[in-house]
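The values are calculated or read from the model by the stated rules, or taken from the named source; none is laboratory data. Computed from a predicted model, the values in this text were never measured in an experiment. Here the Cβ positions follow ideal geometry from the backbone for every residue, glycine too, while neighbour counts run over all protein chains shown.
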Amino acid sequence: MNIDGKYELLYAHEQAFSYKVAQKVIKKPEVSVWMILLPVLFVHHLHKVNQYKEGVRSFAEHLLSAKKKALDKAYEQALTGKSIDYGMDSYFPAEALRGQDKDLAERQLQVIKAMEEHYLALMEASGESLEELVHHAYERPEQYRRFINRLEEKEQALNQYLLQKVHTSEESQLVVRKIEQQCAELRAQEMGVFFK
């Protein structure tokens, strides 16, 4: 598979991963028996379902944004065949950085760079499927597990900072913990698929 094909494969995988996390984190409106008896409630329910769908889409796109930055940079490196050390301004526009906490941006950058290394390893591996790429990039499950541990460590440092400095509410704490839990569960499932 060529580099463009690998990019598309990895992007599609990360899109699906982000949507799965979003669907588990955002609460879906429940159907009630009353909707059969009072049709006006069904109309309200449809409105709530549409809001849920839009919320899942928006949430998934937000989760995907850092991965896309990492994937794009890995793609550039794979195309040129050179290791490129991108600066902070390559990931975050200068205007955004002016208004953003530099410590927060640095933590976000650490997560992005960990993913970028992973994507580059997959793009440099041979294979026609994600499973084959992972097998060639990480020959043993322990190697892949080390990457996951390092990524989760960087994500937890970012999340901890966000919860202490930006999103301090109890609701934010619950959402972040749920995201971490869902990501860990999905990654464990993937590891089972990649290393049967």
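Observations, loosely collected:
- Checking each residue in region 138-156 for being among the hydrophobic types (A, V, I, L, M, F, W, C) and more than 20 Å from the chain's Cα centre (by Cα) picks out no residue at all.
- Positions within region 157-196 being loosely packed, with under 11 Cβ neighbours inside 10 Å and either at positive phi or of a type in the set (D, E, K, R) (or both), in sequence order: GLU170, GLU171, LYS196
- The single condition among (1) farther than 24 Å from GLN181 by Cβ; (2) in contact with a Lys or Arg (Cβ under 9 Å, 6 or more places away or on another chain); (3) hydrophobic (A, V, I, L, M, F, W, C) that ALA121 does not meet is (2).
- Residue within region 25-44 that is at pLDDT 85 or above, part of a helix (DSSP H, G or I) and within 15 Å of the chain's Cα centre (by Cα) present: no
- Meets criteria (assigned to a helix (DSSP H, G or I), over 25 Å from GLY5 (Cβ atoms) and of a type in the set (A, V, I, L, M, F, W, C)) for VAL176: yes
- Verdict on TYR19 being surrounded by 11 or more Cβ atoms within 10 Å (Cβ to Cβ), hydroxyl-bearing (Ser, Thr, Tyr), modelled with pLDDT under 90 and not in a helix (DSSP H, G or I): no
- Look at region 138-155: where a residue is farther than 17 Å from ILE112 by Cβ and a partner is aliphatic (A, V, I, L, M), sitting 6+ places away or on another chain with Cβ atoms under 8 Å, you get TYR138/ALA121; PRO141/MET191; TYR144/VAL134; TYR144/MET191; ARG145/MET191.
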